[in-house]
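Undergrad: My questions all concern the structure below.
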Amino acid sequence: MIELYTSPTPNGWKASITLEELEIPYEVTPIRLDKLEQKEAWYLKLNPNGRIPVIVDHDADDFVVFESGAIMVYLAEKAGRLLGTDAKSRSLVMQWLMFQMGGIGPMQGQANVFFRYAPEKIQYAIDRYQNETRRLYEVLDRRLGESEWLADDYSLADIANWSWVSIHSWAGVETDGLQHLNRWKDAISERPAVQRGRAVPAAPERTEADPGTGENAAADAAKAIAEQGSKILV
Ligand SMILES: N[C@@H](CCC(=O)N[C@@H](CS)C(=O)NCC(=O)O)C(=O)O
């Protein structure tokens, strides 16, 4: 059994969608980012970087994997799917997976920060990260104009990039005019495994004492992280 520590964010969905696509049984432990559970000592023992997602493989001596890309590759290797079948197709999957890890994730993440959460409006930073995210989307669009999927077949690369592209509006980045990207985005959105993985973790129950995270979950979490940031050692 795999245990997944996650929150409703793109990096978390990358792991839950991969688990769903590979039909690997798993249990979810939701992590409340707004409560900074990801910075607690017990969690830092799993991921010294204090971020979600993490998996623990209870069928492999409780082996721990952090970093969403590494989690995806670990799971795909375990199941023998979604990774490419020979050296070249595998390399294509890795290239477009790394493109997301090193490009879209960090740039769109910073677009979110400066567009949505920053206490001060810094137009230069908003423009910089939104424009760079859009530029990266255009790179995806060109690739998808020549190929149905990012690599040879549907793979980890599609799941990773889709998880971010699917919430483009939150970063204030539009996909207008990117017809190949939109065709690909819609096709992936229709996959039942993607829909199941995108719904993980289920929203926490709200009580009066603990209103929980809802529509403003990401903003609440970002505010908590910003306020506590200086006290956190990771
Ligand atoms: N490179 C890491 C990034 C993980 C990451 O940034 N996770 C975010 C959610 S998408 C998080 O845990 N944020 C909470 C924090 O910064 O404390 C990965 O791909 O796993």
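The values are calculated or read from the model by the stated rules, or taken from the named source; none is laboratory data. Nothing here was measured: the structure is a model prediction, and the numbers come from that model. Cβ coordinates were reconstructed from backbone atoms using ideal geometry, including for glycine residues, and neighbour counts include every protein chain displayed.
Undergrad: Taking only segment 136-153 into account, find how many residues are touching a residue at least 40 places away in the same chain (Cβ under 8 Å), of a type in the set (A, V, I, L, M, F, W, C) and in a helix (DSSP H, G or I). Break it down into steps so the answer makes sense when it comes.
TA: Keep residues of segment 136-153 that are touching a residue at least 40 places away in the same chain (Cβ under 8 Å), which gives 137-141, 143-144, 150-153.
Next, only the ones that are of a type in the set (A, V, I, L, M, F, W, C) stay: 139-140, 144, 150-151.
Now drop any that are not in a helix (DSSP H, G or I), which leaves 139-140, 144.
Total satisfying the criteria: 3.
Undergrad: Limited to segment 1-54, what total is found for residues that are assigned to a strand (DSSP E or B), of a type in the set (A, V, I, L, M) and closer than 16 Å to Y74 by Cβ?
TA: So the first thing to find is which residues in segment 1-54 are assigned to a strand (DSSP E or B), and the list is 2-6, 26-30, 54.
Next cut, of a type in the set (A, V, I, L, M) only: 2, 4, 28, 54.
Imposing the further condition that a residue be closer than 16 Å to Y74 by Cβ reduces the set to 2, 4, 54.
Of the residues in that region, 3 qualify.
Undergrad: Just wondering, is there one or more residues in segment 154-163 that are of a type outside the set (A, V, I, L, M, F, W, C), outside any helix (DSSP H, G or I), out of contact with any Leu (no Cβ under 6 Å at 6 or more places or on another chain) and not assigned by TED's automatic domain parsing to the domain that holds E23? Talk me through it step by step, then tell me what you get.
TA: Just the residues of segment 154-163 that are of a type outside the set (A, V, I, L, M, F, W, C), to begin with: 154-155, 158, 161, 163.
In the following step, the residues that additionally are outside any helix (DSSP H, G or I) were identified as 154-155.
Next, from what is left, pick out any that are out of contact with any Leu (no Cβ under 6 Å at 6 or more places or on another chain): 154.
Subset that is not assigned by TED's automatic domain parsing to the domain that holds E23: 154.
Yes, the conditions are met somewhere in segment 154-163.
Undergrad: How many residues, within segment 180-209, are within 20 Å of I52 (Cα to Cα), assigned to a loop (DSSP other than H, G, I, E, B) and modelled with pLDDT of 95 or more?
TA: So the answer is 3.
Undergrad: Here's another thing I want to ask about it. Give segment 36-85 a look and list any residue that's surrounded by fewer than 18 Cβ atoms within 10 Å (Cβ to Cβ), touching a residue at least 60 places away in the same chain (Cβ under 8 Å) and near the ligand (Cβ under 10 Å from one of its atoms), or say none.
TA: Across segment 36-85, the qualifying residue is only N49.
Undergrad: Next up: Can we say W96 is crowded, with 18+ Cβ neighbours inside 10 Å, touching a Pro at 6+ places or on another chain (Cβ under 6 Å) and under 22 Å from D186 (Cα atoms)? Outline the logic, then answer.
TA: Details: crowded, with 18+ Cβ neighbours inside 10 Å: yes; touching a Pro at 6+ places or on another chain (Cβ under 6 Å): no; under 22 Å from D186 (Cα atoms): yes.
For W96, the condition - crowded, with 18+ Cβ neighbours inside 10 Å, touching a Pro at 6+ places or on another chain (Cβ under 6 Å) and under 22 Å from D186 (Cα atoms) - is not met.
Undergrad: Scanning for something closer than 17 Å to M98 by Cα, more than 12 Å from the ligand (Cβ to nearest atom) and under 16 Å from the mean Cα position of the chain (by Cα), does segment 18-35 turn up at least one residue? It would help to see each step written out before you state the result.
TA: Of all residues in segment 18-35, those closer than 17 Å to M98 by Cα come to 18.
Imposing the further condition that a residue be more than 12 Å from the ligand (Cβ to nearest atom) reduces the set to 18.
After this cut, where a residue has to be under 16 Å from the mean Cα position of the chain (by Cα) as well, the list is 18.
Yes, that holds for at least one residue.
Undergrad: Residue check, W162 against (1) crowded, with 17+ Cβ neighbours inside 10 Å; (2) over 13 Å from the mean Cα position of the chain (by Cα), all met but one. Which one?
TA: W162 satisfies every listed condition except (2).
Undergrad: Just the residues that are assigned to a helix (DSSP H, G or I), of a type outside the set (V, I, T) and more than 22 Å from L150 (Cβ to Cβ), please, taken from segment 89-128. Don't jump to the end; show me each part of the working.
TA: Filtering segment 89-128 for residues assigned to a helix (DSSP H, G or I) gives 89-117, 123-128.
From what's left, of a type outside the set (V, I, T): 89-92, 94-103, 105-112, 114-117, 123-125, 127-128.
Passing the criteria: Q110, N112, F114, F115, R116, Y117, Q123, Y124, A125, D127, R128.
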